[in-house]
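Engineer: Okay, handing you the structure first.
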Amino acid sequence: MFFAVGTGLMLHVRQALLRELRQVRRVADAAQRVLLRPLPPRIDGLALAAAQLSADRGACVDGDLYQVIATEHGVRVVMGDVRGHGIGTVAAVLGSFREAVHDEPDLARVLRRLDRALARHLRERARAEPDNPVAEALVLHADGVEDARDAHGR
């Protein structure tokens, strides 16, 4: 009798945990879709395609980021990884990029703004969760060969 009750309780707990995991994954997928907007097939004459594959099979949200934006300064591209710092850090970097590419004609200045935004975000986060901040980004200007690279927290 105790075995049957114990087995039933374990099955109930397992089902509840699976329902919760499915809900967490749905929320994570929705957040990821909001941050990593789908790329159009073409932008200012450039063919675009992107795919994101997590190194961790079970991960719904990771630190990878990308964005392509046509601006008056040309098409700007960012690809990066905030190395496990989470969706909030991805949002901080992409938000800064989405603003800076319209304001700054020079990629080095765009990169400086990204670096400042990332550093500010990580400082604020470090007050609650000290860690080792590392992030990498490649920022490109598609009208030429110009690019700027940086590794924050070297």
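Engineer: Can you find a residue that is among the hydrophobic types (A, V, I, L, M, F, W, C), without any contact (Cβ under 8 Å) to a residue 40 or more places away in the chain and in contact with a helix residue (DSSP H, G or I) (Cβ under 9 Å, 6 or more places away or on another chain) anywhere in segment 94-108? Talk me through it step by step, then tell me what you get.
Structural biologist: Just the residues of segment 94-108 that are among the hydrophobic types (A, V, I, L, M, F, W, C), to begin with: 94, 97, 100-101, 107-108.
Imposing the further condition that a residue be without any contact (Cβ under 8 Å) to a residue 40 or more places away in the chain reduces the set to 100-101.
Cutting the leftovers down to in contact with a helix residue (DSSP H, G or I) (Cβ under 9 Å, 6 or more places away or on another chain) gives us 100-101.
Looking through segment 94-108, at least one residue is among the hydrophobic types (A, V, I, L, M, F, W, C), without any contact (Cβ under 8 Å) to a residue 40 or more places away in the chain and in contact with a helix residue (DSSP H, G or I) (Cβ under 9 Å, 6 or more places away or on another chain).
Engineer: A further question follows. Given the conditions (1) among the small types (Gly, Ala, Ser); (2) assigned to a helix (DSSP H, G or I); (3) at pLDDT below 90, which single one is not true for Gly58?
Structural biologist: (2)
Engineer: Limited to segment 93-123, what total is found for residues that are of a type in the set (Gly, Ala, Ser) and surrounded by 22 or more Cβ atoms within 10 Å (Cβ to Cβ)?
Structural biologist: Residues that pass the stated criteria total 1.
Engineer: Moving to a separate point now. Within the bounds of segment 120-132, is there any residue that is within 26 Å of Gly45 (Cβ to Cβ), modelled with pLDDT of 85 or more, assigned to a helix (DSSP H, G or I) and not basic (Lys, Arg)?
Structural biologist: no
Engineer: Would you point out which residue out of Arg109, Arg113, Arg98 is within 16 Å of Val75 (Cβ to Cβ) and modelled with pLDDT of 90 or more?
Structural biologist: Arg98
The values are calculated or read from the model by the stated rules, or taken from the named source; none is laboratory data. Keep in mind that what you see is a predicted model, and the values were worked out from it rather than measured. No Cβ is skipped: glycine too gets one built from the backbone with ideal geometry, and neighbour counts run over all protein chains shown.
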